[in-house]
Amino acid sequence: MKKTFYLISKNSYITLIITFLVISCKDKNENTITLDGKIEREQISVVSKLAGKVQNVLAEEGQDVEAGDTLIILELPEVEAKKYQAKGALLSAEAQYQMAKKGATQGQIIQLNAKVSGLKEQLSFAEKSMRRMQNMLSDSLVPQQKFDEVFAKYQGAKNQYTASVAERDEAQNGARIEQQTMALGQQERALGGIDEINIAANERFIKAPQKMSIENITLKKGELALPGYSIVNGFLNETTFFKFTIAESQLSSVKKGGQIQVHIPYENKTITGKVVWIKPLSSYANITSAYPDFEQGQTLYEIKIAPINPKETENLLIKSTVQISIQSVNKK
């Protein structure tokens, strides 16, 4: 009888241990949780650099365009007027530079040569007169005063001849190098004005900066586009990513740089993605506790998942729902 009681007690003890283990397994088990997220894409805005009226709208909302495609043509009448002004300034500057470079005209050169020849004859006559007077002065036939007068005339004729030769040479060789440089600078400035006008004329064509999908066009034909005003808004199809919100208690199943399967319900397909970043949301999004002295609240995190193969996501609809499955450990 005593042995039987011992066996019953031993069996009860084993049963109690098994029951405790089962309860422990139930208290701590892994559950698969499905989180919902959204499909997102990087946005892009196309703006105008100059003010002008919309002359023609070539793109449509929802259209996929390539980089460099013309979306909108603006009307810029002021640019044409400034173009004529710049051309006139260029012609004037070029003429000024050529005049400074070449110097006097052919007629002016002829006049200066004749002037030099005349002064040369006067100098020759004055030199002969000075020599005669010098010989006569040596023989005491003329006073010193008379010789000084003739010598002064000789010096004047010589100076006039030297000045006329310098004037002719300057006219033949062109203006001073400083004047030529100044005229050349004016010409270069006018050329810069022409280039500026040509650049402004090209700005009337609003083109797509990248391959994009047009979401909306804010202006219609005839409306005024202001500098820096967003005319076309769209999405970059190659920048598709998935965004999810996850609680702090579920972070153990998501690692930065890790791969994860993303399910697209409306297409019933799964895409492999990579966790790009995990960042906390603002404090107003936290899960607060009713009894903060006994239980801490939880911070919510936003995770961004980029597809491994972006080509698989180019045709996905933005803002549509996607799902991921994670393992969550629950403790009761």
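Worth a mention:
Conditions tested, residue by residue: (1) out of contact with any Leu (no Cβ under 7 Å at 6 or more places or on another chain); (2) loosely packed, with under 15 Cβ neighbours inside 10 Å.
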| site | (1), (2) |
| --- | --- |
| 190 | no, no |
| 196 | yes, yes |
| 203 | no, no |
| 212 | no, no |
| 215 | yes, no |
| 219 | yes, no |
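- Condition met for residue 155 (part of a helix (DSSP H, G or I), touching a helix residue (DSSP H, G or I) at 6+ places or on another chain (Cβ under 7 Å) and modelled with pLDDT of 85 or more): no
- Test: residue in the stretch 78-99 that is within 25 Å of residue 172 (Cα to Cα), out of contact with any Gly (no Cβ under 7 Å at 6 or more places or on another chain) and aromatic (Phe, Trp, Tyr): yes
- Selection status of residue 215, of a type in the set (D, E, K, R), more than 24 Å from residue 310 (Cα to Cα) and at pLDDT 90 or above: no
- Top-ranked residue in the stretch 92-136 [being without any contact (Cβ under 8 Å) to a residue 40 or more places away in the chain and within 60 Å of the chain's Cα centre (by Cα); ranked as surrounded by the most Cβ atoms within 10 Å (Cβ to Cβ)]: 111
- When residues of the stretch 33-57 are limited to those that are more than 24 Å from the chain's Cα centre (by Cα) and closer than 30 Å to residue 312 by Cβ, the one surrounded by the fewest Cβ atoms within 10 Å (Cβ to Cβ): 34
- Test: residue in the stretch 249-264 that is surrounded by 13 or more Cβ atoms within 10 Å (Cβ to Cβ) and either charged (D, E, K, R) or not assigned by TED's automatic domain parsing to the domain that holds residue 299 (or both): no
- Considering the stretch 304-318, and only residues there that are surrounded by 14 or more Cβ atoms within 10 Å (Cβ to Cβ) and β-branched (Val, Ile, Thr), the residue that is modelled with the highest pLDDT turns out to be 305.
- Meets criteria (buried (at least 17 other Cβ atoms within 10 Å of the Cβ), in contact (Cβ under 8 Å) with a residue 40 or more places away in the chain and in the same structural domain as residue 112 (by TED's automatic domain parsing)) for residue 171: yes
- Condition check for residue 238: touching a residue at least 12 places away in the same chain (Cβ under 8 Å), under 26 Å from residue 43 (Cα atoms), surrounded by fewer than 16 Cβ atoms within 10 Å (Cβ to Cβ) and in contact with a helix residue (DSSP H, G or I) (Cβ under 9 Å, 6 or more places away or on another chain): yes
- Subset of the stretch 165-198 that is assigned to a helix (DSSP H, G or I) and among the basic types (Lys, Arg) - its residue that is farthest from the chain's Cα centre (by Cα): 168
- Residue pairs whose Cβ atoms lie under 7 Å apart, sitting 6 or more positions apart in sequence or on different chains, and linking a residue in the stretch 244-255 that is of a type in the set (Asp, Glu) to a partner that is outside any strand (DSSP E or B) and at pLDDT below 85, are 248/299.
The values are calculated or read from the model by the stated rules, or taken from the named source; none is laboratory data. Keep in mind that this is a model prediction, so the values were computed, not measured. A quick note on method: Cβ atoms are made from the backbone with ideal geometry, for glycine too, and the neighbour counts reach across all protein chains shown.
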